[in-house]
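This report concerns only the one structure given below.
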């Protein structure tokens, strides 16, 4: 079923389907398209269920003109379920050539499922895309290489907004993404839900290349869990990176996974986490802000009463030659760093940020570092680099079994290590507190 304009300048009409159940499969298509004119919208209404299977497609498209939007129960009660399944099964608004503008995608359903390579997208080359809005949701599940994405090359990508009352679950190399791939500007990605689970190589990202600007990534949830190579990332090459914000959390759990804001030669965004109960980091990965070229890193802030790092997990801010943001851990009652885990602000030849633990508030009840290579540090690792300070404000500070607190540099400057609020300090079994340059003090 199609409304199309097949020559330059022609305008396509709308497609409206009013039914309780709609299934497209085996390459079946509903489309509204033009070459360089305008297309009106595809409107699906009155739906209880929508299935797009085995290469079925719903598409509003243009080459250099204005594409229409795809609207699923947009202004009525949510559908009970929408499912997209199979490679090349898609629901899309797209402009495929330079100058074309893409419309929006609105899906209003209680349950949205994408699996086995299915896709929801809004994309353009050098024009403007409108947003993807997923509303009315109780649950969203994206699995097995499926993707929800808003993208551009050199233009302006739209934003992706997900609002699910119960849960959002991404697994198996699936993605939620907003990206600009050739110097354009990416929109924002916002997820609001009770429980967010990302696992088994799945990821959520905002990104830009060249000097483009990446959008912000915001998660508003009670429970967030990343497991087994999962990622939440904001990245840019030489532009300004987006910020990552996790708000209104009770708990955050990151297991062999990473949350990172990064750049090569631009300005990386900041990472901010607020969790009312606890943040737990386990295994390879953790929380990262970094500049891997000549750029500057953003700041990293965690506000939670219980923070634990174990089994090689890390909280790190790093640069090569640029300026680095600070690591600020606040609101802490207890901090535990064990089994080779680390909290580190570092640079090679630039200026490293500082590490602050409850620096301007009441002391934490306890800070414990245990095990070889477990550390809190500010360091400059090459000639000319300058290290920041380490400030720990706690009633009890314990280092044991080879743990370390340090501020160090090769030939530049190190700021001080400050231990405040102490009732007891215990350093045992090969552990140490050290300022490894005459410019630094304890």
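For the reader, a short list of remarks on this structure follows.
- Check on residue 246, under 13 Å from the mean Cα position of the chain (by Cα), buried (at least 21 other Cβ atoms within 10 Å of the Cβ) and under 19 Å from residue 121 (Cα atoms): no
- Any chance residue 51 is within 15 Å of residue 91 (Cα to Cα) and out of contact with any helix residue (DSSP H, G or I) (no Cβ under 6 Å at 6 or more places or on another chain): yes
- Filter pass, residue 70 being within 20 Å of residue 163 (Cβ to Cβ) and without any contact (Cβ under 8 Å) to a residue 40 or more places away in the chain: yes
- Residue 141 fulfils the conditions (1) surrounded by fewer than 23 Cβ atoms within 10 Å (Cβ to Cβ); (2) within 19 Å of the chain's Cα centre (by Cα); (3) not in a strand (DSSP E or B) except for a single criterion, (3).
- Some residue of region 337-346 being surrounded by fewer than 24 Cβ atoms within 10 Å (Cβ to Cβ), over 17 Å from residue 403 (Cα atoms) and not assigned by TED's automatic domain parsing to the domain that holds residue 254: no
- Scanning region 101-132 for residues being touching a residue at least 60 places away in the same chain (Cβ under 8 Å) and farther than 22 Å from residue 54 by Cα gives a total of 2.
- Subset tally (residues that are surrounded by fewer than 22 Cβ atoms within 10 Å (Cβ to Cβ) and part of a strand (DSSP E or B)) for region 122-135: 3
- Region 65-75: number of residues that are surrounded by fewer than 22 Cβ atoms within 10 Å (Cβ to Cβ) and modelled with pLDDT under 95: 2
- Any hit, region 187-209, residues being crowded, with 24+ Cβ neighbours inside 10 Å, out of contact with any helix residue (DSSP H, G or I) (no Cβ under 7 Å at 6 or more places or on another chain), in a loop (DSSP other than H, G, I, E, B) and in contact (Cβ under 8 Å) with a residue 60 or more places away in the chain: yes
- Filter result for residue 225 (closer than 30 Å to residue 277 by Cβ and either surrounded by fewer than 21 Cβ atoms within 10 Å (Cβ to Cβ) or not assigned by TED's automatic domain parsing to the domain that holds residue 301 (or both)): yes
The values are calculated or read from the model by the stated rules, or taken from the named source; none is laboratory data. Quantities reported herein were computed from a predicted structural model and do not represent experimental measurements. Using ideal geometry, Cβ is built from the backbone for each residue, glycine included, and neighbour counts are taken over all protein chains shown.
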